[in-house]
1. Out of (1) free of Cβ contacts under 8 Å to residues at least 40 places away in the same chain; (2) more than 16 Å from ligand 1 (Cβ to nearest atom); (3) loosely packed, with under 14 Cβ neighbours inside 10 Å, the odd one out for Ser110 is which?
2. Only residues that are touching a residue at least 40 places away in the same chain (Cβ under 8 Å) and small (Gly, Ala, Ser): list them for the range 94-107, please.
3. Working only within the range 58-75, note down all residues that are under 14 Å from Gln48 (Cα atoms) and small (Gly, Ala, Ser).
4. From Ala74, Ala129, grab the single residue that is in a helix (DSSP H, G or I), in contact (Cβ under 8 Å) with a residue 24 or more places away in the chain, under 23 Å from Gly21 (Cα atoms) and away from ligand 2 (no atom under 14 Å from the Cβ).
5. Could you please find all residues in the range 1-22 being away from ligand 2 (no atom under 16 Å from the Cβ), in contact with a Ser or Thr (Cβ under 6 Å, 6 or more places away or on another chain) and under 11 Å from Phe107 (Cβ atoms)?
6. Can you name the residue in the range 86-126 that is part of a loop (DSSP other than H, G, I, E, B) and in contact with a Pro (Cβ under 9 Å, 6 or more places away or on another chain) and, of all such residues, is farthest from Ile64 (Cα to Cα)?
7. Is it true that some residue in the range 23-41 is of a type in the set (A, V, I, L, M, F, W, C), part of a loop (DSSP other than H, G, I, E, B), more than 16 Å from ligand 2 (Cβ to nearest atom) and more than 17 Å from Arg79 (Cα to Cα)?
8. In the range 25-52, which residues are in contact (Cβ under 8 Å) with a residue 24 or more places away in the chain and either under 15 Å from Phe86 (Cβ atoms) or basic (Lys, Arg) (or both)?
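Derivation of every value follows stated rules applied to the coordinates shown; laboratory data play no part. These numbers were taken from a predicted model, which means no experiment stands behind them. Neighbour counts run over all protein chains shown; Cβ positions are idealised from the backbone, glycine included.
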Amino acid sequence: MNNDFTFAIIKPNAVKNKKTGPILAMINDAGFRICAMKMILLTKQQAQAFYRVHSGRPFYDGLIEFMTSGPVVAMILSRENALEEFRRLIGETDPSKAESGTIRKIFASSVQMNAIHGSDSQENAIKEAAFFFSEFERFYPVEE
Ligand code: IDP
Ligand code: MG
């Protein structure tokens, strides 16, 4: 049974640099199923809401500007241990500290432009997935 999912965003730098395809291939090769996916340009208000937990941090304004600078690809991904396995696949927030072979190590341009987002808890994955996708935009739910 597989009832684990996470939420991911391919960030504007990676989309702009034509890395959407290579990143999706890494995600699928790591055993994740794409359950929902869309390309969108976030409004400032949406980006602020998504990263509300970081408001007041020194990097917040720059992060909002970056995340609204171009289209992103939002996804719901499932596999066993999705949360933990996806954080492992993307690597550390700071790409200089990320392990080799991780998505951030390969595709990040800086700590801010670190190519990809992955939820940090199941609770946040549920909230983030619901923020971007309706029930009718989600496929392959829960068991397989
Ligand atoms: P995470 O994405 O690995 O969970 P968080 O601490 O939740 O990392 O930060 C959210 C995002 O904010 C990061 O992915 C990165 O884009 C940006 N960010 C975090 N810390 C810094 C920083 O020190 N400088 C610039 N941007 C940062
Ligand atoms: Mg985080």
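1. With respect to (1) free of Cβ contacts under 8 Å to residues at least 40 places away in the same chain; (2) more than 16 Å from ligand 1 (Cβ to nearest atom); (3) loosely packed, with under 14 Cβ neighbours inside 10 Å, Ser110 is out only on (2).
2. Hits for the range 94-107: nothing passes.
3. Gly62, Ser69
4. Working: Ala74 fails: in a helix (DSSP H, G or I).
Just one listed residue meets the conditions, Ala129.
5. Asn13
6. Of all residues in the range 86-126, those part of a loop (DSSP other than H, G, I, E, B) come to 91-94, 98-102, 108-115, 119-121.
Subsequent filtering for residues that are in contact with a Pro (Cβ under 9 Å, 6 or more places away or on another chain) retains 102, 108-111, 113-115.
On the way: Thr102: 24, Ala108: 17, Ser109: 16, Ser110: 15, Val111: 14, Met113: 11, Asn114: 14, Ala115: 14 Å.
This residue is Thr102.
7. Narrowing the range 23-41 to residues of a type in the set (A, V, I, L, M, F, W, C): 23-27, 30, 32, 34-37, 39-41.
Narrowing further to those that are part of a loop (DSSP other than H, G, I, E, B): 30, 32, 41.
Imposing the further condition that a residue be more than 16 Å from ligand 2 (Cβ to nearest atom) reduces the set to 30, 32, 41.
Next cut, more than 17 Å from Arg79 (Cα to Cα) only: 41.
Yes, because at least one residue in the range 23-41 is of a type in the set (A, V, I, L, M, F, W, C), part of a loop (DSSP other than H, G, I, E, B), more than 16 Å from ligand 2 (Cβ to nearest atom) and more than 17 Å from Arg79 (Cα to Cα).
8. Across the range 25-52, the qualifying residues are Met26, Ile27, Ala30, Gly31, Phe32, Arg33, Ile34, Cys35, Ala36, Met37, Lys38, Lys44.
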